[in-house]
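Student: This structure is in structure tokens; I'll ask about it shortly.
The values are calculated or read from the model by the stated rules, or taken from the named source; none is laboratory data. Everything numeric in this text was worked out from a predicted model, so none of it was measured. So basically every Cβ, Gly included, is an ideal-geometry build from the backbone, and we count neighbours across all protein chains shown.
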Number of protein chains: 4
Amino acid sequence: MNVDEKYFNNISPRERAIFEGAITMGALFHQFVGTPVSLESAGTLEKSIKKTMELQPCIKTVEVKIDRETLEEVKNEYDYISLTGEMLDVKVLSHYDDKNAVIRLKFIEELNYPLMYVEEIF
Amino acid sequence: MNVDEKYFNNISPRERAIFEGAITMGALFHQFVGTPVSLESAGTLEKSIKKTMELQPCIKTVEVKIDRETLEEVKNEYDYISLTGEMLDVKVLSHYDDKNAVIRLKFIEELNYPLMYVEEIF
Amino acid sequence: MNVDEKYFNNISPRERAIFEGAITMGALFHQFVGTPVSLESAGTLEKSIKKTMELQPCIKTVEVKIDRETLEEVKNEYDYISLTGEMLDVKVLSHYDDKNAVIRLKFIEELNYPLMYVEEIF
Amino acid sequence: MNVDEKYFNNISPRERAIFEGAITMGALFHQFVGTPVSLESAGTLEKSIKKTMELQPCIKTVEVKIDRETLEEVKNEYDYISLTGEMLDVKVLSHYDDKNAVIRLKFIEELNYPLMYVEEIF
């Protein structure tokens, strides 16, 4: 079976790139929010988020940064906190055919909300 | 701040509907997979998935069906299992401006994979 | 196979009640943190957390309260936020044989941490 | 504030070790089930589960094995699947004071269930 022909012939390559990138960003957020994280372990978690999310269809690269300032300021006796969307800065590069989309997750202070948007499309 | 103007002026209303629907589908899958579910509690879980995911930006309605046959066949002494993507059949209706998209999650036997695709766009 | 005899003969009924209650509390936190929640949908989510987590072995009842004050104060244009451990107040009542344990999850301001502890055991 | 004195004076060191190990096992399962995983990325995911879960209170070490046979047998065109409890073999070593507990998660074929139990206590 040709999956693309059967299930994706109603959208353009540009739309497909947006579609797949958006799925992966929603997935990433809801899979990993809540994970325990500390200054010392943040790098390992970033790498694992990257490697697992790059498996998804049409995903070329995933860049993940967990905010270190928040981790430095943790003031409880356990020295870690649960990962939140506010701490994440992520770029997902998806591609299909000749189209690429960069989906971004970034906390926007003005909105007080971790926004997902299409940063670039080419 | 006008969020749409600042962050979404590079994509069309049709693309925006696809984008937001896809985020919600990825989110739904990765938030709820793993949840304990039984024949008796499946309805409550479906309703809760629907209500929480309808909160996301540009989402009009979410329809969730958890496969009852799988639940009927559970053969362990605990009478429940962890929710998997294979058990889910979901439709997310997203809209932006004058455009609507139905994003579908469905297990496709031929692919042996719970596929997410754009079922309708109008 | 007698599971209790084979796998649990090294701990007392009291320890078993603690064990099963603790598993369910850890599970509950990490399954549901991140879920979108609003004032209007909080009740549905509470009910669903209760119903799904009561399926786990040796769990009699689960009581869940999501902090409404936090939800009332949400100040973004989307009128919802992601559930955090800080917003949860949970009691899990587990029992085995003639022993019962109430496991509590509660945000402790002095600790700045959502603490899990054994509230009662009888 | 002395947390142990205030919140944990009703249970013994042995019970505390069981309690904390059990929380971490429930947390681990429900945080990571659903994550995309492939043969190639399984090692990175194992390491990240280990590092994040070792942050939890009273946890000394976490050993995680994701079943490679299941991953080798993946027969879909995407070459990855969602992590399930059935694929996990985990040992959590918790300690409090002079007591240690090894909590195990293992799929038991006879039960058709990924069982959590206390493997050792010393």
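Student: Can you tell me how many residues within the range A:25-42 are within 19 Å of D:Thr84 (Cα to Cα) and assigned to a loop (DSSP other than H, G, I, E, B)?
Tutor: Residues in the range A:25-42 being within 19 Å of D:Thr84 (Cα to Cα) and assigned to a loop (DSSP other than H, G, I, E, B): 3 in total.
Student: Scan C:Lys60, C:Lys65 and give me the residue that is modelled with pLDDT of 95 or more, more than 11 Å from the chain's Cα centre (by Cα) and not small (Gly, Ala, Ser).
Tutor: So the residue among C:Lys60, C:Lys65 that is modelled with pLDDT of 95 or more, more than 11 Å from the chain's Cα centre (by Cα) and not small (Gly, Ala, Ser) is C:Lys60.
Student: Another question, if that's okay. Between a residue in the range D:8-34 that is facing chain C (nearest Cβ under 8 Å) and within 19 Å of D:Asp98 (Cβ to Cβ) and any residue that is crowded, with 23+ Cβ neighbours inside 10 Å and acidic (Asp, Glu), which pairs come within a Cβ distance under 7 Å, given they are 6 or more apart or on different chains?
Tutor: From the range D:8-34, the pairs are D:Glu15/C:Glu15; D:Ile18/C:Glu15.
Student: Same structure, new question: B:Lys99 fails exactly one of the following numbered conditions: (1) in contact with a strand residue (DSSP E or B) (Cβ under 7 Å, 6 or more places away or on another chain); (2) surrounded by fewer than 21 Cβ atoms within 10 Å (Cβ to Cβ). What is the number of that condition?
Tutor: Result: B:Lys99 fails condition (1) only.
Student: Just to be sure before I move on: is B:Phe29 of a type in the set (A, V, I, L, M, F, W, C), surrounded by 18 or more Cβ atoms within 10 Å (Cβ to Cβ), under 19 Å from C:Ala27 (Cβ atoms) and at pLDDT 95 or above in the structure I sent?
Tutor: Yes, satisfied.
Student: Just checking, how many residues over the range A:52-76 are surrounded by fewer than 21 Cβ atoms within 10 Å (Cβ to Cβ), at the interface with another protein chain (Cβ under 7 Å from one of its Cβ atoms) and touching a helix residue (DSSP H, G or I) at 6+ places or on another chain (Cβ under 8 Å)?
Tutor: Summing the residues that are surrounded by fewer than 21 Cβ atoms within 10 Å (Cβ to Cβ), at the interface with another protein chain (Cβ under 7 Å from one of its Cβ atoms) and touching a helix residue (DSSP H, G or I) at 6+ places or on another chain (Cβ under 8 Å) in the range A:52-76 gives 1.
Student: Follow-up. Residue check: is C:Glu20 touching a Cys at 6+ places or on another chain (Cβ under 7 Å), in a helix (DSSP H, G or I) and among the charged types (D, E, K, R)?
Tutor: The answer is yes for C:Glu20.
Student: What's the total number of residues in the range A:78-117 that are touching a helix residue (DSSP H, G or I) at 6+ places or on another chain (Cβ under 7 Å) and free of Cβ contacts under 8 Å to residues at least 12 places away in the same chain?
Tutor: 2
Student: Need a quick list: strands (runs of 3 or more DSSP E) entirely within the range C:43-122 having at least 1 residues that are among the polar types (S, T, N, Q).
Tutor: Strands (runs of 3 or more DSSP E) meeting the threshold: C:59-66, C:88-96, C:99-108.
Student: Tell me which residues, restricted to the range D:77-93, are out of contact with any Ser or Thr (no Cβ under 7 Å at 6 or more places or on another chain), more than 8 Å from every other protein chain (Cβ to nearest Cβ) and not acidic (Asp, Glu).
Tutor: The answer is D:Ile81, D:Leu88, D:Val90, D:Lys91.
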